[in-house]
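The values are calculated or read from the model by the stated rules, or taken from the named source; none is laboratory data. Values in this document were obtained by computation on a predicted structure and should not be read as measured data. Neighbour counts are summed over all protein chains in view; Cβ atoms, including those assigned to glycine, are modelled from backbone coordinates with ideal geometry.
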Amino acid sequence: MFLAILFSLSLNLWLCEAGSVIILDQEVPYVKTGDTKVKLEDAMLQRRVARNCKELHEKYQVYDDLYYLNSSRGVLYQMFCDMTTAGGGWTLVASVHENNMYGKCTLGDRWSNQQGSDPNRPDGEGTWADTVTFGTAESSTSDDYKNPGYYDIAAQDVSVWHVPNNIDLEQWSASSILRYHTENHFLNLYGGNLFYLFKKFPVRFALGACLTDNGPAIPIVYDTGNVDYNKNLYGPNSRQILTPGFIAFRVFNTEGAAMALCSGVKPTACHTEHFCIGGGGHFPEATPRQCGDFTSFDWDGYGTNKGWSASKEITEAAVLLFYR
Amino acid sequence: MFLAILFSLSLNLWLCEAGSVIILDQEVPYVKTGDTKVKLEDAMLQRRVARNCKELHEKYQVYDDLYYLNSSRGVLYQMFCDMTTAGGGWTLVASVHENNMYGKCTLGDRWSNQQGSDPNRPDGEGTWADTVTFGTAESSTSDDYKNPGYYDIAAQDVSVWHVPNNIDLEQWSASSILRYHTENHFLNLYGGNLFYLFKKFPVRFALGACLTDNGPAIPIVYDTGNVDYNKNLYGPNSRQILTPGFIAFRVFNTEGAAMALCSGVKPTACHTEHFCIGGGGHFPEATPRQCGDFTSFDWDGYGTNKGWSASKEITEAAVLLFYR
Amino acid sequence: MFLAILFSLSLNLWLCEAGSVIILDQEVPYVKTGDTKVKLEDAMLQRRVARNCKELHEKYQVYDDLYYLNSSRGVLYQMFCDMTTAGGGWTLVASVHENNMYGKCTLGDRWSNQQGSDPNRPDGEGTWADTVTFGTAESSTSDDYKNPGYYDIAAQDVSVWHVPNNIDLEQWSASSILRYHTENHFLNLYGGNLFYLFKKFPVRFALGACLTDNGPAIPIVYDTGNVDYNKNLYGPNSRQILTPGFIAFRVFNTEGAAMALCSGVKPTACHTEHFCIGGGGHFPEATPRQCGDFTSFDWDGYGTNKGWSASKEITEAAVLLFYR
């Protein structure tokens, strides 16, 4: 009898400690998109087993939604997981949102320079290679976004979505004008994420020369759109100097201005300021006209898709960056 | 005997799971303003039962304080609940704080335009109808504030407090120079909150004409102040073209500039830029002199309360917006 | 038998409630720097016993790391604890980071004025004496930082670290060029923290005169560096009008500009704008050249350490402020 009670004691204690986990496991099959059952509370349990959407995806059957995860330093943050594309497990870590195409390196140009085009500030904001965070997952199509995952997650590939501005997260995937991902695990070669990649290839004015000193260009697989559609999002002049089907990192233009990435395309010549985004702190040509998060997408008019100008569609879409 | 132990097992397990809830219920009668017992931990339990201060108020006997709640997408945030006014249950969702009356659409004018008065940016920041959030509940009399409740809570009425800048939250209610609320459940007609109301009535330059295209004007009940006091907060010229006892939404002025709300008053003519707040991105008259979160409250001098100028009291008070 | 089961019931219930605490106590001896075991979940337990790093240090054997704590109003926030220096128990509450020495009271000058040098805005941002918060502990060497502890913690002393920009938190202590702390519990006389000290000594333009109206200057003990090293971080001209071995608060210069603190030194004359940091909203001399978080550290060239110019080392190091 005494033994039985002891057994009762220990078993109950075990149940007590493990209770939430059991409940979690039972609930998982019923989790739906937008369901709030697997949220913060569960994240605190999951933090013991998952640091990003990939691990979360491997251990539980979950859907596209917001989740709370912990960084390696124990910073709790909320991010969006894409559990669908190419096997799922993609963590949203950042978005580049152009809040004012007419503002040339003004407030909101966090991925280039918010204080004008200035050779004294060659790195501009320095966002591509620092730990400063801003924005929220929910509003990442209405504002710039960067979470601790950007510098903390150990990843192998990137996925990019171009989502029209101000779209609600439930419609992000279906509304995207362009979606693609890499498959060759290139981040293994560059430190495991874009933070470390841009430490190796700083987005800094006058650090290198056009083409010669460009960073890697990685082949992509399209999830929405294709090479032709991708190419035509940029102006007819730009199309002459780019090859679609790649994502290119840290490129220089003729005047030594640095850009962070060319989405879906690889430059074959030097006027990259009309189709590459993000940047260092100075763009010399016709300064400050080419300076900003979406650089000089409007060189021949806003959204005209003529000459060097990009289309209205891509000019008015936030660029969401995922890791896996 | 075996049955008894089984009973012990299951009962204990139940107690284990339900333990916190029991404790919560026992603690509630002792909760005081500023008491930290019902806080984050409890919010995680409450999230199963409450999404806003109204629900929290209906289920528990609680006091004016900061609480953690969850949005429908599972975003945890902290907000201030007014559990006293007109039956209580009011959730603070935003504050409009003028950080620099001399700055005309400069940094900190998040509810109008932070990049100057600019017809190319007719929506300005777009804050009234997007999901971007900023600030904290605690500092909402020292800075602009907007939490997920602004776009997430399903509400029927609004309450507005004009609290002198930099006042501590414990003194907000007693220090307010003006407080009022609506009672007719008008938000039922406009999507359930201001986010959806301003989707229907965009705060955009040149979208409509003065008076003809103004949004709704809703009758209010005063909690601090009255129609005469309210009226006199604005300049003598303004008093000729407004009727106190209302809150008016999305109004246009003579030049087509859009304003978001007129606090406590309904305009009867077109020079609304001297007593309505928030706005789109462009104010044509004497540009940029009328552009900013508190528009042209200082047209005839800062805080003079002469001509078109508002009083110093209302110029130096943050406008706190609550839902219920 | 029945009694035994009752005992089992109550004991198990007790174990259930107390389980986490027991686990916490057992785990503590194994906690390492960077270990994520004592994190958010435990903070929720610790909030019942600890409001700052000092209390945390006294109750548990813990190491330098990020921890979650609760403010007196129940605001959960994450901060860095220095558990090593002079007995440990120091809470990081703020950092002053100069993001653009060439920008004179521009974006990012949150500790002075972000809207130019302007006599109409004598308090500038007002950050030294308000409850506005910004930044994250992790990125406090890459951006300005201020957490609720700045105004909420009841402290006696301050500690200051000058950490080179963009250094990771694991290397902060070892990388610091200068570290010191006070020992005389001076904050007891000024309200218990810098928020209250600066309420008593507002950092406001034209509120007082040089030397006569300066705030307290408190003796310091060096943890990294010494009086000679400290002195030489400032320009040769500055060295003639300062005494190292102190931290001085709210000082005025010749023209009535207010500065918030002089790190490691006490001014003996009036050209304090070359070695004191933070400020009110207006610096009259050669305006706006002396306006900014690091005021006029570059008066005789950026980082030259000639004439009135400070060294490159101190110009490119964030100033981290701790309480105990």
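With respect to the conditions (1) facing chain A (nearest Cβ under 10 Å); (2) buried (at least 23 other Cβ atoms within 10 Å of the Cβ); (3) among the aliphatic types (A, V, I, L, M), B:LEU107 falls short on a single one, namely (2). Among residues belonging to the range A:40-68 that are touching a Lys or Arg at 6+ places or on another chain (Cβ under 7 Å) and farther than 17 Å from A:ASN193 by Cα, point out the one that is modelled with the lowest pLDDT. Filtering the range A:40-68 for residues that are touching a Lys or Arg at 6+ places or on another chain (Cβ under 7 Å) and farther than 17 Å from A:ASN193 by Cα, the one modelled with the lowest pLDDT comes out as A:VAL49. For the range B:234-251, the candidate set comprises residues that are assigned to a loop (DSSP other than H, G, I, E, B) and in contact with a Gly (Cβ under 8 Å, 6 or more places away or on another chain); within that set, the residue that is nearest to B:THR315 (Cα to Cα) is B:GLY235.
Only one of the numbered conditions (1) closer than 21 Å to B:ASP64 by Cα; (2) more than 14 Å from chain A (Cβ to nearest Cβ) is not met by B:ASN214, and that is (1).
Annotation: of all residues in the range B:154-196 being within 13 Å of the chain's Cα centre (by Cα), outside any strand (DSSP E or B) and away from every other protein chain (no Cβ under 14 Å), the one that is nearest to B:GLY278 (Cα to Cα) is B:LEU194.
For the range A:254-270, give me the residue count where each residue is in a loop (DSSP other than H, G, I, E, B) and within 20 Å of the chain's Cα centre (by Cα). Qualifying residue count for the region: 2.
Which is within 15 Å of the chain's Cα centre (by Cα) and under 27 Å from B:TYR60 (Cα atoms), of B:GLY135, B:GLY89?
Result: B:GLY89 is the single residue among B:GLY135, B:GLY89 that is within 15 Å of the chain's Cα centre (by Cα) and under 27 Å from B:TYR60 (Cα atoms).
The single condition from (1) at pLDDT below 75; (2) closer than 20 Å to C:PRO148 by Cβ that C:VAL31 fails is (2). Would you say C:VAL203 is assigned by TED's automatic domain parsing to the domain that holds C:PHE249, crowded, with 21+ Cβ neighbours inside 10 Å, assigned to a strand (DSSP E or B) and among the β-branched types (Val, Ile, Thr)? So C:VAL203 fails the test. Within the range A:286-305, residues that are in the same structural domain as A:PHE275 (by TED's automatic domain parsing) sit with their Cβ atoms under 8 Å from residues that are part of a loop (DSSP other than H, G, I, E, B) and of a type in the set (Val, Ile, Thr), at 6+ positions apart or across chains, in these pairs: A:GLY292/A:THR106. Is there a residue in the range C:230-248 that is closer than 27 Å to C:HIS282 by Cβ, in contact (Cβ under 8 Å) with a residue 40 or more places away in the chain and among the β-branched types (Val, Ile, Thr)? Looking through the range C:230-248, at least one residue is closer than 27 Å to C:HIS282 by Cβ, in contact (Cβ under 8 Å) with a residue 40 or more places away in the chain and among the β-branched types (Val, Ile, Thr). Scanning the range C:138-153 for residues that are more than 19 Å from C:LYS54 (Cβ to Cβ), under 11 Å from the mean Cα position of the chain (by Cα) and part of a loop (DSSP other than H, G, I, E, B) returns C:SER140, C:ASP144. Of the candidates B:GLY303, B:GLY278, B:GLY264, B:GLY256, the single residue that is in contact with a strand residue (DSSP E or B) (Cβ under 7 Å, 6 or more places away or on another chain), over 28 Å from B:ALA155 (Cα atoms) and among the small types (Gly, Ala, Ser) is B:GLY303. Restricting the range B:59-91 to residues that are on the phi > 0 side of the Ramachandran plot and away from every other protein chain (no Cβ under 14 Å) leaves a set whose member that is surrounded by the fewest Cβ atoms within 10 Å (Cβ to Cβ) is B:GLY87.
Taking the criterion of being assigned to a loop (DSSP other than H, G, I, E, B) and away from chain A (no Cβ under 12 Å), would at least one residue in the range B:112-127 satisfy it? Yes; the residues of the range B:112-127 include at least one that is assigned to a loop (DSSP other than H, G, I, E, B) and away from chain A (no Cβ under 12 Å). Applying the set (1) among the β-branched types (Val, Ile, Thr); (2) under 22 Å from the mean Cα position of the chain (by Cα); (3) surrounded by fewer than 17 Cβ atoms within 10 Å (Cβ to Cβ) to A:VAL251 leaves exactly one unmet item: (3).
Count of the range A:217-228 residues, restricted to those that are surrounded by 15 or more Cβ atoms within 10 Å (Cβ to Cβ), on the phi < 0 side of the Ramachandran plot and more than 17 Å from the chain's Cα centre (by Cα), is 1. For the range A:278-297, the condition of being at pLDDT 95 or above, in a strand (DSSP E or B) and in contact with a Phe, Trp or Tyr (Cβ under 6 Å, 6 or more places away or on another chain) holds for none of the residues. In the range C:199-215, the residues that are within 12 Å of C:PRO122 (Cβ to Cβ) form Cβ pairs under 8 Å with partners that are surrounded by 14 or more Cβ atoms within 10 Å (Cβ to Cβ) and of a type in the set (Asp, Glu), at six or more places apart or across chains, as follows: C:PRO202/C:ASP123; C:VAL203/C:ASP123; C:ARG204/C:ASP123; C:PHE205/C:ASP123; C:LEU207/C:ASP213.
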